[in-house]
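What follows is a short report on a single structure.
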Amino acid sequence: MTKSLSPVNIERLLDGHTVEGHRIEFKEGWNPNPIYRTICAFANDIANEGGGYIIVGVEEENGLPIRPVKGLPLNLIEHIGKEMVAFDNLINPVYHPKTSLEEVDDKIVFVIWCPAGQDRPYEVPDDVTAKDKRFNYRVRYNSSSIIPKGQVLRELLDLANNIPFDDRPNTSASITDVSQTLVRDFLVKTGSKLAQQIEAEPFRNILEAMELLAGPREAVYPRNVALMMFNDHPEKFFPYLQVDITIFPSGKLKDPDNFIEVPSIRGPIDSIYRKTMAYLETNVIKENVQKRNYKPEADRSFNYPIHALEEIVGNCLYHCDYRKREPITIEIEPDAMYISNPGGPDRSLKVEDFAKNIVRPRQYRNRRIGDFFKELNITEGKSTGVPTIAAAMKSNGSPSVKYEFDDTYSWFMVTVPVHPVFLNDSENVTVNVIVNDTVNLSKLSERQRTILLLIQKNERITIDEIQRHFSVTRRTIARDIVSLKEQGILLRVGSDKTGSWMIVKKVKGV
């Protein structure tokens, strides 16, 4: 227990921004009975949120940690480790949480990470130290670990056949399909201490620590989320894992044959999010500035507020039903943007819940994607998406968003109305779509055409790697890249080291 195997930085756990408060429990000292009741509840993960964390050696007040932390003496930590070996085996079926030591405020705290178990439901003795043991199931209710009864107990027992899609093993893939580079980039971005161990530890150990593998050691497979997040071409395993954008300059009903299709946006799921938002921000979102005589500052508004779109696109990727093999689609018309998502919301939700901006699903379809997205600050905490969207629309002076889904919960569509000031501005729509026009290859140099072909084959290719294909200097390639950017053909998403290229315009022959 000398290495940190928690995928979340300890400071981000303590500040409560990455993981919601009800998924973290602080314990001043080691008291195995309540701790193991909580371990069992997190392992059952009845809400499919991804389990939770217990941090021993930290006092709390009103659910928040008291800083500086109290910490634990090393001799007690050794004692805890020995006891846990026996107590883990008391959970039925056996469940082993992950543990690590973390340094906080110059003290040592003991972190117990309890990911959702694969053999749910679990039960644990009410008193793990008693001679005569009475077993009960445990689930989380707000910030407490309770014995489930009635309908809650029936739901828990049903979980044995209800493992979220993204947490299931993919028997068509192997560990070699998981990119060590992408895993490293993620750990560095999120500040995980695992990033310091990825070169020294066997890669399999890192993946196990991140709960990205499933199955016995002799037949281990990556989970679906590992391929969605950490494979350069996840569409090989999940057909239509992509976002398709179509623009109808005159409106779909008015002139359905007049449309522009943007090349499908593919790649790791977080990269799809970044590329989609980069395209919308660069080519779709427009600002209107109006000066008023009666006040010094100008009125500013956008046709679509970026914060609303960020939340909508992020949640579409989070909650999509990837078993349906259909893409997420974005259709842009003069009066609105229509974002459709395969798979409806949780069946406990009704359309009127969305109209009231009160959406509290009982289960999440892809809990692990949600965890990773929260660590990357792509989505916010539980049940905050709809209120965030409503606030962004109101702040921009835009009409409210409309949510629709069918009675069978097979699809979900969000209608984002354009700001009224842009309704009669046909120029805005025209300018928006001109940058997506088709480019003729004859207008580009042979080297520029080859560069686009290389990028199409590998969107993460670096300028140095491109330069090695030609007998020219790096500066020459950089000038070609700048030219392609200035023509609106090429877009760089992310940093030079970890980002990727995106061909914005459709180019004949590429």
List the strands (runs of 3 or more DSSP E) inside region 295-387, counting only whole elements, that have at least 2 residues being under 21 Å from Glu404 (Cβ atoms) and modelled with pLDDT of 90 or more. 328-332, 336-342
Does region 454-484 hold any residues that are farther than 21 Å from Arg266 by Cα, part of a helix (DSSP H, G or I) and polar (S, T, N, Q), and which are they? Gln467, Thr476, Ser483
If we ask which residues in region 160-197 are among the aliphatic types (A, V, I, L, M) and surrounded by fewer than 18 Cβ atoms within 10 Å (Cβ to Cβ), their number turns out to be 3
Might you check whether a residue that is closer than 22 Å to Gln118 by Cα, touching a Phe, Trp or Tyr at 6+ places or on another chain (Cβ under 8 Å) and charged (D, E, K, R) occurs anywhere in region 146-157? no
Any residue at all in region 266-283 that is aliphatic (A, V, I, L, M) and not in a helix (DSSP H, G or I)? no
Of everything in region 232-268, what is basic (Lys, Arg) and either touching a residue at least 12 places away in the same chain (Cβ under 8 Å) or on the phi > 0 side of the Ramachandran plot (or both)? Give them in sequence order. Lys252, Arg266
Quick one: which helices (runs of 4 or more DSSP H) sit completely within region 145-260 and have at least 3 residues that are assigned by TED's automatic domain parsing to the domain that holds Cys40 and not aromatic (Phe, Trp, Tyr)? 150-158
The one condition in (1) at pLDDT 95 or above; (2) touching a Pro at 6+ places or on another chain (Cβ under 7 Å); (3) not hydrophobic (A, V, I, L, M, F, W, C) that Tyr240 fails to fulfil: (1)
Report yes if some residue within region 444-453 is within 30 Å of Phe248 (Cα to Cα), modelled with pLDDT of 60 or more and part of a loop (DSSP other than H, G, I, E, B); otherwise report no. yes
Checking Gly150 against (1) farther than 21 Å from Asn366 by Cβ; (2) small (Gly, Ala, Ser); (3) surrounded by 13 or more Cβ atoms within 10 Å (Cβ to Cβ); (4) more than 21 Å from the chain's Cα centre (by Cα), only one condition comes out false. Which one? (3)
Ala209 more than 22 Å from Gln456 (Cβ to Cβ), at pLDDT below 95 and crowded, with 20+ Cβ neighbours inside 10 Å: yes
Looking only at region 461-510, how many residues end up being modelled with pLDDT under 80 and charged (D, E, K, R)? 7
Just checking, does region 17-34 include any residue being without any contact (Cβ under 8 Å) to a residue 60 or more places away in the chain, charged (D, E, K, R), assigned to a loop (DSSP other than H, G, I, E, B) and touching a Gly at 6+ places or on another chain (Cβ under 8 Å)? yes
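From the list Tyr122, Tyr137, Tyr141, which one is surrounded by 13 or more Cβ atoms within 10 Å (Cβ to Cβ), assigned by TED's automatic domain parsing to the domain that holds Phe87 and within 28 Å of Asn205 (Cα to Cα)?
Tyr122
The values are calculated or read from the model by the stated rules, or taken from the named source; none is laboratory data. These figures come from a predicted structure and were not determined experimentally. When we count neighbours, we look across all protein chains shown, and the Cβ atoms used for this are built from the backbone with ideal geometry, even at glycine.
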